[in-house]
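Have a look at the structure below before the remarks.
What follows is calculated from the coordinates using simple rules that are stated; it is not laboratory data. In this text, all values refer to a predicted model and were calculated from it rather than measured experimentally. Every residue, glycine as well, gets a Cβ built from its backbone with ideal geometry; the counts of neighbours run over all protein chains shown.
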Amino acid sequence: MILQTKLTRLAAWTLAPIAAAGLAIGAPAIAQSSSTLASVQSHLKSTSSMTADFIQTDRNGQRLTGKLTLKRPGKIRFQYQKDVPLLIVGDGSSLTMIDYEVKQVQRWPVKNSPLGALLDPDRDLTKYAKVLPTGSGDVLSVEVKDPKRPEYGTITMVFVRDGSAPAGLRLRGWVAL
């Protein structure tokens, strides 16, 4: 498999914790405000670690599962189910995808990835993010992308309001393209 195909395949995957499987993103708008983005920024800064089971779905509907481990700043690991010969790790400065099947390793800077919004606690979301409308006042959807570098991709993070969670938000899943 050639490098471009692998990067396209990686970029097309949806990475989300299993808990987000039933979450629908709908129509009526939540007003975008700097206070909403400040809450998201506060939540991300205060989340120092996370472990979750994930379901990853590609554009053809193929589903893979695995375990996600995040430790901020910058460290992330996607350990796939046993029959999938892939591993994705982030060390704070770069993301590395290891394909054991073809014995290939690829690296790129975290800042050039949509996952940078999750991994870099100092990223100013007000420069790169916008609040998207959802069908519920309890659900918040935030799209993050660099308008000057669209080739870096987009991450849309979905939060639910939860008074017991950091900044009153709980990350339920995301889509990275």
Low-density loop cleavage sites - trypsin sites (Lys or Arg not before Pro) in region 102-141, where at most 13 other Cβ are within 10 Å (DSSP):
103
Would you mind counting up the charge near residue 168? Only other residues with Cβ under 13 Å from its Cβ, with Lys and Arg at +1 and Asp and Glu at -1.
0
Expected sort for 177, 87 with the fewest Cβ neighbours (10 Å cutoff) up front is 177, 87
Among 160-169, 72-81, how do they line up by average Cβ neighbours within 10 Å per residue, starting with the highest?
72-81, 160-169
Over 30 Å between Cα atoms: which of 82/145; 45/148; 82/130; 103/148; 45/82 fall into that group?
82/145; 82/130; 103/148; 45/82
Which residues' amide hydrogens lie under 5 Å from the amide hydrogen of residue 173, considering only partners 5 or more residues apart or on another chain, with H built in the peptide plane?
158
Net charge near residue 90, counting Lys/Arg +1 and Asp/Glu -1 over other residues with Cβ under 12 Å of its Cβ?
+4
Read phi for every residue in region 110-122 and hand back ³J(HN,Hα) as whole Hz from Karplus 6.51 cos²θ - 1.76 cosθ + 1.60, θ = phi - 60°, with x for Gly and Pro.
4, 5, 9, 10, x, 5, x, 5, 7, 8, 9, x, 9
So, with points 7 Å from each Cα along the Cβ direction, the residue 53-residue 101 label distance in nm works out to 2.4 nm
Which cross-chain or sequence-distant (5 or more) residues have an amide H under 5 Å from the amide H of residue 104, H modelled 1.01 Å from N in plane?
99
